[in-house]
Amino acid sequence: MTKRCARCKKTKSTDDFRPDRSGRRKDGLHPYCISCKSKENKQWRLDHLDQVKKHRKATRARDRIKETEWRRSHPETLLWRYARNRAKQKCVPFTISVDDVKAVWPQNGLCPVFGFKLENGVGVQRPESPTLDAFIPSLGYIPANICVISYQANVMKTNVSDPRLFERLAEWMKARSESRS
Ligand SMILES: [Zn+2]
């Protein structure tokens, strides 16, 4: 099947024409061939630069809002993704699924260490942001080794997996503050 382009007047294969969804074309194809149409589009964008820029800006703003909404409603997927990146960087195992993260998410929504409410700071890490911790860091992100704790708790824990170290830290902190008061 062939069709004559209304712009360059060349007869081309119908494959060289994009479908026209306006319903106004009998053959359902655009009257201009693809190359004429893209030239025309390019020219239109050049002639309407302000409009194009405004539209791009609006689209970007809309995308950002959508992205934020998505992040808000998928905290488990986000933690899973961040953990996957960390696992890659640290070369530790990563075998968990998003469902594994959901399975260890505190049902009461509270940080299991400090008891305050876990709150997703979209785009920013806050003390109360949920984080995925590999309890024994070298074992990596395997189902039996992960827990969801607040960023605050995670920062304090860092790579420490021996609780006695925290007891010593707590003792030192107590002793220091007592000697100063
Ligand atoms: Zn043409």
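A few notes on this one:
- Residue list for the stretch 8-23, filter: assigned to a loop (DSSP other than H, G, I, E, B), under 41 Å from the mean Cα position of the chain (by Cα) and not aromatic (Phe, Trp, Tyr): Arg18, Asp20, Arg21, Ser22, Gly23
- Candidate set: the stretch 15-59, residues that are surrounded by fewer than 12 Cβ atoms within 10 Å (Cβ to Cβ) and small (Gly, Ala, Ser); chosen: the one nearest to the ligand (Cβ to nearest atom): Ser22
- Residue match in the stretch 164-178 (condition: out of contact with any Cys (no Cβ under 7 Å at 6 or more places or on another chain) and assigned to a loop (DSSP other than H, G, I, E, B)): no
- Checked against the criterion of being touching an Asp or Glu at 6+ places or on another chain (Cβ under 6 Å) and within 24 Å of Ser138 (Cβ to Cβ), the candidates Val98, Val92, Val113 yield just one match: Val98.
- Residues located in the stretch 24-50, provided they are under 16 Å from Cys5 (Cβ atoms) and under 34 Å from the mean Cα position of the chain (by Cα): Ser38, Asn41
- Qualifying residue in the stretch 1-14 (condition: surrounded by 11 or more Cβ atoms within 10 Å (Cβ to Cβ) and under 24 Å from Tyr151 (Cα atoms)): no
- For the stretch 95-140, a residue qualifies if it is outside any loop (DSSP other than H, G, I, E, B), touching a residue at least 12 places away in the same chain (Cβ under 8 Å) and of a type outside the set (D, E, K, R), and the qualifying residues are Val98, Val101, Ala103, Val104, Pro130, Thr131, Leu132, Ala134, Pro137, Ser138, Leu139.
- Residues in the stretch 149-167 that are among the hydrophobic types (A, V, I, L, M, F, W, C) and under 24 Å from Asn120 (Cβ atoms): Ile149, Ala153, Val155, Met156.
- Residue count for the stretch 84-141, restricted to those that are within 14 Å of Val155 (Cβ to Cβ) and aromatic (Phe, Trp, Tyr): 1
Throughout, read-outs are computed from the coordinates displayed, never taken from laboratory work. The structure presented is a predicted model; accordingly, all values stated were derived computationally and were not measured. Positions of Cβ are generated from backbone atoms using ideal geometry, with glycine treated the same way; all protein chains shown enter the neighbour counts.
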